[in-house]
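Report on the following structure.
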Amino acid sequence: MPERWTDHALALRAIELRRRLLRLIVDAGAGHTGGGLSSLDILQVLYRRVLRVSPETATDPRRDRYVQSKGHCVEALYTVLADCGYFDPADLATVCHYQSPYVGHPTRKIRGIEVNTGALGHGLPIGVGMALAARMDEAPTRVFVLMGDGELAEGSNWEAAQAAAHYGLDRLVMILDHNRLQITGSTRDVMSNEPLADKWAAFGWHVRTVDGHDYAALTEALNTPPPAGQPLCILAETVKGKGISFMENVGKWHHGVPSAEQLAQALAELDAAEAALRAEEVSA
Amino acid sequence: MSAPAPSMFTPAATEMAQQLGLSKGRANLEVFAETLQELATADRNVLAVTSDSRGSGKLGPFGQALPAQIVEVGIAEQNLVGITAGLALSGKKAFGVSPACFLTARSLEQIKNDIAYSNAPAVVVGISAGVSYGALGSTHHSLHDFAALRAIHNLTIIAPADNAETRAAVRLAAAAQRPVFLRFGKAAMFDLHSDAPDLANGRALTLRDGSDVAFIASGETVVHAVLAAGALAAEGISARVLSVPTIRPLDMTAVLAAARACRAVVTVEEHSVHGGLGEAVAATVLQAGVAVPFRIVGIPDEDTVTGAQADIFRHYGISMEGLSEVARSLLTPPAV
């Protein structure tokens, strides 16, 4: 079962993980900074409070499954998996390096990763297959698929959305990292996808909108089962580049790599955020 | 709606089939569906996934007998392959079945990433492949699938020639712990094997020994090579026939043995002449340093002629007569 983490402990841990994520991207010389920072809190809640899976049960047939359809934000996933004990955090320094198993998108070479992703619009169909298999096996498995805004333009998602509702897959959860930006700019300008809640509801899904950086709200939304027979859509309102002032809601940080100065500034901001959180601890 | 189906065989070819003692079997597609149902009856983890294709896949009886083991996804081939991968990654032996023309073009990326790259032990089944849907036009032809799939790492590619090869291929795919692509046509086939063939490790099957010309053929074209070998024998030309159900991994030993033993090599496939069996054999032979008169018979790089599968085969020389002629021309020294 997931460990017991308080909201405060998660917030403190998130600061450290944001440091590691930024260092990883700087070491790799490439990465998806903005989306990694926007999805990190969702991943923390999933791995600390929701998913019934651990390094020890990573191949248990009855485990919960996590599929990262927005595979480009692998840096956040690697960071969280390492922190949860799936592999040595020191390995994070090798991401994207010559002959490293840590490819720049999720790969089954790494313990805890269920399927190779990176091309968009693939995760939800795979999740439907996994949820169907779990139902056939009468397993308690829930399947969580993380998707991005820009990705929703891929038609294959809507094939899968339709199938999930057709089969009443109430153990399938689609989480949208709804940061409203993609590589070219605002999703509204590139290919508008609103009204999202109405769309998913019209496809037969049970829709919940939550603050994607609020641990309690995310936990509640993810752990409360949807009505029987309905797949669950979580529209997680997030901030691209969350936690670093000059990256927040700035499109160029989609795959921007911080310079040494920018990294120093970002780390200073994280240090300040940590000090503020610790001060709360003292005053509480 | 359409003209009566033309015969695949001229009277002379039909006579040769009788002379060689070949008996008419069924469509490989029917044997595939029947074999899959046998496997699924014995193992509830064996599944069929269809895209409104259970009729064309001859899986109606499967669906009736084992409704809990067939997953319908509607007309959505990308979703079909993704779901098949998800099922396979969750311990199911899933066969994703859809017309080869759509399956290997529209959902090529899902085959590449979700199945091959992810090493999902799934089976992707392209039905009514090649020009099985002859007169319906190029939208319904799969003449690119060997080429496209050969360039994707980690995918076994099998196109059986007859009912016995089909049975063996389906069983092999079900037991494989790796990604497999199966390709079937829908015409009734002649039986080419007296015993159950062993397809392990991509083994090619020598149907007839010979030392003048080697026909190296795959899928529904193999019978025409067998008939051509019979016709050439009457002229004193000794033809070897190698059935290559497994395009990858290619049985390089058998291919090289044939190229070394014979004075000419003719490859035959229901596929574009680009990127399929012929070019795989050519690369194998040439890189081994074997120089031999060589011809790739398939569908040429042009707007494919309209007609039934039989018309298209005859038009492009995939026939006893056409293949015999190619062999003769390769074996005849050019006039000085």
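The values are calculated or read from the model by the stated rules, or taken from the named source; none is laboratory data. On a predicted model such as this, the values are computed, not experimentally measured, just so you know. A quick note on method: Cβ atoms are made from the backbone with ideal geometry, for glycine too, and the neighbour counts reach across all protein chains shown. Surface accessibility is based on the protein's heavy atoms, side chains included, excluding ligands, DNA and RNA. Shrake-Rupley method; radii C 1.70, N 1.55, O 1.52, S 1.80 Å.
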Roughly how crowded by other chains is peptide B:69-75, in terms of the mean Cβ count from those chains within 10 Å of each of its Cβ atoms?
4
Number of partner chain Cβ atoms within 10 Å, mean per residue of A:151-163
4
Prolate/oblate/rounded label for chain A (Cα gyration tensor, a/c 1.5):
rounded
Rounded to the nearest 10 Å², the accessible area of residue B:165 using a 1.4 Å probe with every protein chain kept is 0
Return a whole-number percent for the relative contact order of chain B, with Cα pairs under 8 Å and 6 or more residues apart as the contact set.
17
Please compare each pair in B:58/B:93; B:58/B:186; A:70/A:240; A:70/B:92 to a cut-off of 21 Å on the Cα-Cα distance and tell me which ones are over it.
A:70/B:92
Sorting A:55, A:100, A:89 by the position of each Cα along the dipole of region A:1-101 (Lys, Arg +1; Asp, Glu -1; all at Cβ), the one nearest the positive end of that ordering is A:55
Taking only complete DSSP H runs, can you tell me which helices of chain B stretch 20 Å or more along their own long axis by Cα positions and average at least -1.0 on the Kyte-Doolittle scale?
B:28-42
Relative to the first principal axis of the alpha-carbon coordinates of chain A, what is the inclination of helix A:260-283, with its axis defined by its Cα atoms, in degrees from 0 to 90 and to the nearest 10?
80
Quick one: how many Å² of residue B:303 are accessible to a 1.4 Å probe, rounded to 10?
130
Note: probe point = Cα of residue A:190 + 7 Å toward Cβ; backbone nitrogen < 20 Å; residues of region A:76-113 passing the test are A:76-77, A:104-106
Size of charge dipole - the protein assembly as shown - debye, nearest 20, with Cβ of Lys, Arg +1 and Asp, Glu -1, no other charges
800
Is there a simple number for the mean count of other chain Cβ atoms within 10 Å of the Cβ of residues in B:86-99, and what is it?
5
Whenever you get a sec, line up B:145, A:7 from highest to lowest accessible area (probe 1.4 Å, protein heavy atoms).
A:7, B:145
In terms of the Cα gyration tensor, with a ≥ b ≥ c the square roots of its eigenvalues, is region A:1-141 rounded because a/c is under 1.5, prolate because a/b exceeds b/c, or oblate?
oblate
Between the helical axis of A:74-83 and the dominant principal axis of chain A, each derived from Cα atoms, what acute angle in degrees is found, rounded to the nearest 10?
80
Total charge dipole magnitude, region A:165-212, about the Cα centre, Cβ charges on Lys, Arg, Asp, Glu only, Debye to nearest 20:
60
Report the charge-dipole magnitude of chain A in Debye, nearest 20, computed about the Cα centre from +1 at each Lys and Arg Cβ and -1 at each Asp and Glu Cβ.
500
If you take the accessible area of B alone, add that of A alone, and subtract the area of the pair, what total do you get in Å², probe 1.4 Å, to the nearest 100?
2000
Degrees, to the nearest 10: A:7-28 long Cα axis against longest axis of chain A:
70
Probe 1.4 Å, all protein chains in place: accessible area of residue A:91 in Å², nearest 10?
50
For residue B:151 and residue B:24, calculate 0.36 nm times their separation in residues minus their Cα-Cα distance, and state this gained length in nm to one decimal.
42.2 nm
dims of the protein assembly as shown, Cα set, principal axes, largest to smallest, nearest Å -> 102, 54, 44
Farthest towards the positive end of the dipole of the protein assembly as shown, among A:179, A:202, A:44 and with Cβ unit charges of +1 on Lys and Arg and -1 on Asp and Glu, lies the Cα of A:44
